[in-house]
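J.: Below you'll find the structure I mean.
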Amino acid sequence: MVLSFRLAAMGLLAFASAQEKMIVTFLNELPDETVELYWMDHDNGGGRHKAGTVPPRGGFTNIETVSGHEFSYDAGGVRHYIKATEKNHEHGQILIVGGMETIAVRCELGQDESGEASEGGKSKLSSMFARGSGDDGDAAKQSLEMLIKPYWSPMGASRFLELVRAGYYDGVALNRVVPGFLMQFGISKDVDLRRRYQGATIADDDAAEGRDSIRRTLGQSASIFKPGFLSF
């Protein structure tokens, strides 16, 4: 019995040591809440051990872990659980969004120095910002609001929000508008920001998971891209 127990223990130890360690970035997309992140110690009574503090609006922390480790955090009065997987290792990050299904981004139309709201026949965005609970923008300006759904495309959503917060889209021209279908914009007027992000690639989101998320929300017959959607 003693020999069997020792062999079993050695096997578990070998299995644990064979697991590849990985660095995962926990990215907090909540607009207002700082998150205290804990890892769950299921092997020793299910205790919670603090792993890091993650500030809101794109704040992040890097944690070394292994596939299968579970983490938890409280947001909006609810405890949420996240499990690190090999897919997180491949993509490099896990989004913290609590129970939030959408993140609002407001775009405000501005005027150039001559007082005109257009340049070469094209309207311009004076600013774009991810809204928090107390952000109402300038009610006197024309505006449009985008609703970002992180669970449709986590990597794409977090990069878009990062660009918004960096001011990448401030002052860009709306260079094509098809009423009832689409509006195109995207080239930053800030040369330094364009250079900064030129080579800053991100991993692809899982296409199958994205399709499933959209169809769970809009129905099985939903188009992957339809009027009102954002693609960048």
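J.: Going by the structure shown, is Val78 of a type outside the set (D, E, K, R), at pLDDT 85 or above and over 17 Å from the mean Cα position of the chain (by Cα)? Talk me through it step by step, then tell me what you get.
T.: Values: of a type outside the set (D, E, K, R): yes; at pLDDT 85 or above: yes; over 17 Å from the mean Cα position of the chain (by Cα): yes.
Criteria met by Val78.
Conditions tested, residue by residue: (1) part of a strand (DSSP E or B); (2) within 22 Å of Leu193 (Cβ to Cβ); (3) open to solvent by 40 Å² or more (accessible area, probe 1.4 Å); (4) modelled with pLDDT under 60.
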{"position": "Phe129", "(1), (2), (3), (4)": "yes, yes, yes, no"}
{"position": "Ala139", "(1), (2), (3), (4)": "no, no, yes, yes"}
{"position": "Leu147", "(1), (2), (3), (4)": "yes, no, yes, no"}
{"position": "Trp152", "(1), (2), (3), (4)": "no, no, yes, no"}
{"position": "Ala157", "(1), (2), (3), (4)": "no, yes, no, no"}
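J.: Looking only at the stretch 26-41, which residues are touching a helix residue (DSSP H, G or I) at 6+ places or on another chain (Cβ under 8 Å) and not acidic (Asp, Glu)?
T.: Leu27
J.: I would also like to ask the following. Within the stretch 19-33, can one find any residue that is more than 26 Å from Asp204 (Cβ to Cβ) and modelled with pLDDT of 95 or more? It would help to see each step written out before you state the result.
T.: We begin by selecting, within the stretch 19-33, every residue more than 26 Å from Asp204 (Cβ to Cβ); these are 31-33.
If we keep only those that are modelled with pLDDT of 95 or more as well, we get none.
So far as the stretch 19-33 goes, no, none of its residues is more than 26 Å from Asp204 (Cβ to Cβ) and modelled with pLDDT of 95 or more.
J.: If you scan the stretch 42-67, which residues turn out to be open to solvent by less than 70 Å² (accessible area, probe 1.4 Å) and either in contact (Cβ under 8 Å) with a residue 40 or more places away in the chain or closer than 26 Å to Thr102 by Cα (or both)? Break it down into steps so the answer makes sense when it comes.
T.: Step one: filter the stretch 42-67 for residues open to solvent by less than 70 Å² (accessible area, probe 1.4 Å), giving 46-47, 51-56, 58-59, 61, 63, 65-67.
Of everything in the stretch 42-67, those that are open to solvent by less than 70 Å² (accessible area, probe 1.4 Å) and either in contact (Cβ under 8 Å) with a residue 40 or more places away in the chain or closer than 26 Å to Thr102 by Cα (or both) turn out to be Gly52, Thr53, Val54, Pro55, Pro56, Gly58, Gly59, Thr61, Ile63, Thr65, Val66, Ser67.
J.: Now for a separate question. Inspect all residues belonging to the stretch 81-91 and state whether any of them is open to solvent by less than 50 Å² (accessible area, probe 1.4 Å), modelled with pLDDT under 60, out of contact with any His (no Cβ under 7 Å at 6 or more places or on another chain) and more than 30 Å from Gly68 (Cβ to Cβ).
T.: No; the residues of the stretch 81-91 include none that is open to solvent by less than 50 Å² (accessible area, probe 1.4 Å), modelled with pLDDT under 60, out of contact with any His (no Cβ under 7 Å at 6 or more places or on another chain) and more than 30 Å from Gly68 (Cβ to Cβ).
J.: Could I ask something else about it? Taking the criterion of being under 10 Å from Val24 (Cβ atoms), in contact with a Lys or Arg (Cβ under 7 Å, 6 or more places away or on another chain) and modelled with pLDDT of 90 or more, would at least one residue in the stretch 39-53 satisfy it? If you could, list the steps in order and put the result at the bottom.
T.: Of all residues in the stretch 39-53, those under 10 Å from Val24 (Cβ atoms) come to none.
No, the conditions are met nowhere in the stretch 39-53.
The values are calculated or read from the model by the stated rules, or taken from the named source; none is laboratory data. Since the model is a prediction, treat every value here as computed from it, not as a measurement. Cβ: placed from backbone, ideal geometry, glycine included. Neighbour counts: every protein chain shown. When the accessible area is computed, the model is the full protein with side chains, heavy atoms only, and any ligands, DNA or RNA have been set aside. Shrake-Rupley method; radii C 1.70, N 1.55, O 1.52, S 1.80 Å.
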